[in-house]
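To start, the structure under review is shown below, and the notes come after it.
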Amino acid sequence: MINLRPKQAVTLQKLTIHIVLLILCLPAMLPLLWMVSTSFKGTDQLYGSSAASGFTFASLIPRPLNLENYPEAMRTVPFALYLRNTVALCIVTVVAAVVSSAFVAYGFARIEFKGKNTMFLLMISTMALPGQVTMIPVFALIRALGWYGTYLPMIVPACFGSAFYIFLLTQFFKTLPQEMSEAARVDGATEWTIFTRLVLPLSKSALATCALFQFMGTWNDFFGPLMYINDPAKYTLAYGLQQFLSLHGGKWAPLMAASTIFTLPIIVLFFLAQRTFIQGIATTGGKS
Amino acid sequence: MNKFKENLVGWAFISPWVIGFLIFTAFPFLQSIYLSFTRYDIISAPQWVGLANYRMLLFEDELFWKSAAVTIRYAIISVPLLVVAGVALAILLNNEVKGIAIYRTIFYLPSIVPTVASSVVFLWILNPTTGLVNNVLRTMGIQGPAWLNDPTWAFYSLIMMSVWHVGGSMVIYLAGLKDIPAYLYEAATIDGARPWQKLRHVTIPMMTPVIFFNLVMGVIGAFQYFTQAYVMTPNGGPQDSTLFYSLYLFRRAWKYLDMGYASAMAWVLFLVIVVMTAAVFRTQKKWVHYGG
């Protein structure tokens with residue numbers, strides 16, 4: 001039995017889907033719209049009698065438009081400095097993590113050696129190890145090395161490769177044709193040459209995915225700075241925003257301005273690198 | 001290349017990871033077993049106390065059990081909720097209607113908002129008097145609760161926030177849906193299957209490997225839930241209702257400098273995660289379909 005639907009039924013179905021999706025869009029988008037709109041509102045609109053009289057879409061529009069919250073946020077805490085710190089830390093950890101992970105992944109993907117499978121399994125299993133287990137000894141180690149209060153506790157571990165990216169890159173490197181390496185070896189190329197001249201240039205998309213994940217990870221990282229940074233001049237945005245909240249909790253409009261400054265670059269990054277984002281995330285979950 | 005040289009080159013390539021693993025994972029891992037049997041405050045040398053930490057946390061520490069209960073309850077509610085919401089949303093977003101790419105972007109965006117930012121935003125929108133959520137409820141004629149200030153609702157505020165981030169797993173489910181071969185649906189159509197029958201007998205079974213992956217990651221993540229609780233309810237919420245296990249562990253370690261005790265807590269957490277993950281893996285044969 002072939003079930004052909006009349007055209008009208010299809011239109012009705014599509015209309016229903018639109019309505020359901022539009023309704024669901026409200027809870028998805030309103031918190032972010034509310035964040036941005038609050039950041040441009042004045043005290044009257046935020047705390048006046050109208051502020052607790054129910055929701056209308058008009059209440060999303062700042063009236064009057066107040067541009068003071070951004071400068072006030074910047075005055076209360078040095079967000080420009082936190083932004084510089086965060087960007088610098090992101091760049092360093094991205095380079096460190098991607099380069100080292102690619103190097104290790106090449107070994108796992110393209111060379112046959114004794115103990116490889118055991119080491120690979122061991123590496124995968126470290127991903128399930130809760131950070132709480134190693135937190136205290138690692139802290140003691142960092143303290144003994146004199147790295148407490150610096151960015152080194154966040155940078156140095158990244159230089160040894162990250163299990164997640166090594167896994168991702170290993171899977172990707174394996175898909176490159178083996179004959180290519182064989183031919184290069186016959187021509188006398190070393191593994192290092194094959195890695196840098198052949199494999200890396202062919203893996204730009206996978207490397208970009210790892211770079212993106214690491215960038216987001218460092219940008220969002222709260223636990224690292226919470227553990228290791230004590231000097232306010234070294235705060236990152238994530239930690240600085242939490243400190244702002246705990247010291248000036250009631251200043252909602254400047255807090256929303258600060259949250260917007262913190263969130264906006266990530267959203268812009270998403271729109272610039274949308275394909276890398278979605279592909280990266282989809283391959284991580286679907287194919288492992 | 002001869003065998004010996006190949007082994008050498010292979011190990012040379014993976015050596016950065018091996019060294020990092022030994023320094024930052026293996027050695028600390030072993031050390032924390034030892035520390036869990038000591039009294040240790042980071043500053044002075046650890047003192048052996050035998051099973052005292054474990055005895056205290058299992059038999060004398062009410063907050064240990066309280067925080068374990070909060071965490072288990074969170075895992076039991078949020079993990080299945082996120083699976084159902086994620087799959088449902090992905091199925092909805094797998095339809096070819098106009099503007100679907102825009103919808104997908106809208107539902108994905110919340111999941112990339114930095115955790116600290118979304119925590120601060122939720123504190124504000126859950127404000128009992130001027131918050132967005134209670135204003136929306138007021139428009140519908142409902143008097144909203146005090147959310148994070150209320151011992152019953154504080155916990156559900158965090159559940160609500162986790163559902164807001166559903167876009168992250170939705171993308172993975174969507175990729176899974178795209179991988180289901182079209183001929184399965186064609187065959188089902190020829191057999192006269194109705195839409196819900198296709199969902200029940202084609203879509204859901206084919207999605208089980210992806211659901212399984214998300215379930216495992218979800219359980220591991222739920223047991224380590226920390227940042228949101230720390231930012232939104234640094235003291236564990238009203239009547240310790242959001243005192244998550246990791247939050248209590250952190251308090252033990254860094255507020256009381258009770259590092260031996262915190263290590264014992266970390267080991268209990270680790271064992272629970274291992275057991276839970278193994279349990280989820282054991283159910284795998286019963287419901288996960290590989291390679292259609």
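Looking at region B:208-226 only, could you name the residues that are in contact with a Gly (Cβ under 6 Å, 6 or more places away or on another chain) and surrounded by 21 or more Cβ atoms within 10 Å (Cβ to Cβ)? Steps first, please.
Taking region B:208-226 and keeping what is in contact with a Gly (Cβ under 6 Å, 6 or more places away or on another chain), we get B:210, B:213.
The answer is B:Val210, and nothing else.
All but one of (1) under 19 Å from the mean Cα position of the chain (by Cα); (2) of a type in the set (Phe, Trp, Tyr); (3) closer than 23 Å to A:Ile166 by Cα hold for A:Trp192; state the number of the condition that does not hold. For A:Trp192, the exception is condition (1). A single member of A:Ile124, A:Ile136 is within 9 Å of chain B (Cβ to nearest Cβ) and part of a helix (DSSP H, G or I), and it is A:Ile136. For region A:44-81, filtering for residues that are hydrophobic (A, V, I, L, M, F, W, C), within 14 Å of another protein chain (Cβ to nearest Cβ) and in contact (Cβ under 8 Å) with a residue 40 or more places away in the chain leaves 4.
Of all the residues in region B:110-131, those that are at pLDDT 95 or above, facing chain A (nearest Cβ under 7 Å) and out of contact with any Ser or Thr (no Cβ under 8 Å at 6 or more places or on another chain) number 1.
Taking the residues in region B:140-166 that are among the small types (Gly, Ala, Ser) and under 20 Å from B:Ile76 (Cα atoms) as candidates, determine which candidate is nearest to the chain's Cα centre (by Cα).
At the first step, the residues of region B:140-166 found to be among the small types (Gly, Ala, Ser) are B:141, B:144, B:146, B:154, B:157, B:162.
Imposing the further condition that a residue be under 20 Å from B:Ile76 (Cα atoms) reduces the set to B:154, B:157, B:162.
Numbers: B:Ala154: 18, B:Ser157: 16, B:Ser162: 9 Å.
For region B:140-166, the residue satisfying everything is B:Ser162.
In the set (1) more than 30 Å from B:Gly260 (Cα to Cα); (2) of a type in the set (Lys, Arg); (3) surrounded by 13 or more Cβ atoms within 10 Å (Cβ to Cβ), the condition left unmet by A:Arg143 is number (1). Residue by residue through region A:82-121, note down the ones that are over 30 Å from A:Gln243 (Cβ atoms) and away from chain B (no Cβ under 12 Å). Result: A:Leu121, single match.
Take the conditions crowded, with 16+ Cβ neighbours inside 10 Å, within 8 Å of chain A (Cβ to nearest Cβ) and touching a residue at least 12 places away in the same chain (Cβ under 8 Å) and apply them to B:Leu243. Does it pass? Working first, answer last.
On the way: crowded, with 16+ Cβ neighbours inside 10 Å: yes; within 8 Å of chain A (Cβ to nearest Cβ): no; touching a residue at least 12 places away in the same chain (Cβ under 8 Å): yes.
No: the conditions fail for B:Leu243.
Among the candidates B:Ile159, B:Ile106, the residue that is within 11 Å of chain A (Cβ to nearest Cβ) and surrounded by fewer than 21 Cβ atoms within 10 Å (Cβ to Cβ) is uniquely B:Ile106.
Keeping to region A:143-178, report how many residues are within 10 Å of chain B (Cβ to nearest Cβ), part of a loop (DSSP other than H, G, I, E, B) and under 19 Å from B:Gly10 (Cβ atoms). Final tally of qualifying residues: 1. Each residue in region A:198-215 was checked for being touching a residue at least 12 places away in the same chain (Cβ under 8 Å) and farther than 18 Å from A:Phe108 by Cβ, and 7 of them qualify. Scanning region B:212-236 for residues being closer than 18 Å to B:Ala278 by Cβ, in contact (Cβ under 8 Å) with a residue 12 or more places away in the chain and not in a loop (DSSP other than H, G, I, E, B) gives a total of 10. Just one of the listed residues (B:Ser36, B:Ser78, B:Ser15) is under 30 Å from A:Ile166 (Cα atoms), touching a residue at least 60 places away in the same chain (Cβ under 8 Å) and not β-branched (Val, Ile, Thr), namely B:Ser78. Which of the residues belonging to region B:4-41 are of a type in the set (Asp, Glu), in contact with a Leu (Cβ under 9 Å, 6 or more places away or on another chain) and at the interface with chain A (Cβ under 8 Å from one of its Cβ atoms)? If the condition is that a residue be of a type in the set (Asp, Glu), in contact with a Leu (Cβ under 9 Å, 6 or more places away or on another chain) and at the interface with chain A (Cβ under 8 Å from one of its Cβ atoms), then no residue fits.
In region B:56-103, which residues are among the small types (Gly, Ala, Ser), within 14 Å of chain A (Cβ to nearest Cβ) and part of a helix (DSSP H, G or I)? If the condition is that a residue be among the small types (Gly, Ala, Ser), within 14 Å of chain A (Cβ to nearest Cβ) and part of a helix (DSSP H, G or I), then B:Ser67, B:Ala68, B:Ala75, B:Ala85, B:Gly86, B:Ala88, B:Ala90, B:Ala101 are the ones that fit. Restricting attention to region B:164-198 and to residues that are surrounded by fewer than 16 Cβ atoms within 10 Å (Cβ to Cβ) and touching a residue at least 60 places away in the same chain (Cβ under 8 Å), the residue that is nearest to B:Pro110 (Cα to Cα) turns out to be B:Lys178.
Conditions tested, residue by residue: (1) in a helix (DSSP H, G or I); (2) surrounded by 13 or more Cβ atoms within 10 Å (Cβ to Cβ).
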{"site": "A:Ala51", "(1), (2)": "yes, yes"}
{"site": "A:Phe55", "(1), (2)": "no, yes"}
{"site": "A:Ala80", "(1), (2)": "yes, no"}
{"site": "A:Thr93", "(1), (2)": "yes, yes"}
{"site": "A:Ser101", "(1), (2)": "yes, yes"}
{"site": "A:Glu112", "(1), (2)": "no, no"}
{"site": "A:Met119", "(1), (2)": "yes, yes"}
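The values are calculated or read from the model by the stated rules, or taken from the named source; none is laboratory data. Note that this is a predicted model, so its numbers are computed, not measured. All Cβ positions, glycine included, derive from the backbone under ideal geometry; neighbour counts span all protein chains shown.
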